[in-house]
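Here's the structure, in structure tokens; my notes come after.
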Amino acid sequence: MLIIAVRVPGVVAPARYREFMIAFPRSEFWGRILITIAGLIAWGVMFNVSRESDEWKWAQPLIVVGVPVVLYCIYRYGVHYLALRATAALMLLIAKQLVDAADASETVLRLVATVFGYVWVIAAIWMTAAPHHFRDLIGWVMASDERCRTACTLGICVGVVLVALGVFAY
């Protein structure tokens with residue numbers, strides 16, 4: 001649903017959406033919000049693993065103290081392309097959930113979600129390692145209203161397929 005909701009404004013008001021998307025990679029505001037969400041999710045996952053597993057009990061104090069310290073350091077020193085890198089972190093977390101859900105299914109259609117999850121992992125690695133390339137790609141895709149509408153329409157179609165798979169196949 002998020003894939004669809006994020007792309008609907010690109011079809012409805014492509015000029016404003018293009019303006020937002022071109023500014024997004026360097027947005028500190030959105031970067032801090034997204035990295036906070038990713039950090040809280042990662043903190044919760046790590047803390048629950050350390051609580052449930054005797055092997056990781058020793059790491060609980062490090063997790064409780066370390067994650068806020070790392071987030072502070074990111075806020076303070078890691079602001080270059082933070083929005084793209086935070087989006088990549090969220091994509092990795094979502095891709096894991098997508099692949100886990102697909103693995104639990106017995107249908108052949110699970111491969112669609114698995115492949116999509118791994119494509120997201122590759123995109124997230126690319127966004128993190130070379131954010132300037134991704135920024136240039138966004139600039140190329142958002143060069144005109146027509147390209148913006150086409151890209152957002154394709155994104156909405158992918159979102160609809162994934163929602164349909166989630167409702168009917170998994």
| request: Within region 59-101, count every residue that is over 20 Å from the mean Cα position of the chain (by Cα) and among the aromatic types (Phe, Trp, Tyr). | output: 2
| remark: Restricting attention to region 147-168, the residues that are crowded, with 17+ Cβ neighbours inside 10 Å and within 15 Å of LEU109 (Cβ to Cβ) number exactly 2
| Name the helices (runs of 4 or more DSSP H) wholly within region 55-170 that hold at least 2 residues that are among the polar types (S, T, N, Q)? | 82-103, 110-129, 145-164
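Results for (1) over 21 Å from VAL158 (Cβ atoms); (2) among the β-branched types (Val, Ile, Thr); (3) touching a strand residue (DSSP E or B) at 6+ places or on another chain (Cβ under 8 Å); (4) at pLDDT 90 or above, shown as yes or no for each residue.
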| residue | (1), (2), (3), (4) |
| --- | --- |
| ALA38 | yes, no, no, yes |
| TRP43 | yes, no, no, yes |
| SER50 | yes, no, no, no |
| SER53 | yes, no, no, no |
| LEU93 | no, no, no, yes |
| ALA123 | no, no, no, yes |
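Residues to consider are THR114, THR107; find the one that is modelled with pLDDT under 95 and surrounded by 15 or more Cβ atoms within 10 Å (Cβ to Cβ). Steps first, answer last, please.
On the way: THR107 fails: surrounded by 15 or more Cβ atoms within 10 Å (Cβ to Cβ).
Just a single option satisfies the conditions, and that option is THR114.
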| Restricting attention to region 12-52, which residues are part of a helix (DSSP H, G or I), of a type in the set (Gly, Ala, Ser), more than 18 Å from the chain's Cα centre (by Cα) and surrounded by 14 or more Cβ atoms within 10 Å (Cβ to Cβ)? | SER50
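The values are calculated or read from the model by the stated rules, or taken from the named source; none is laboratory data. Treat the numbers as computed from the prediction; the structure is a model and nothing was measured. Cβ sites come from the backbone with ideal geometry, for glycine too, and all protein chains shown count toward neighbours.
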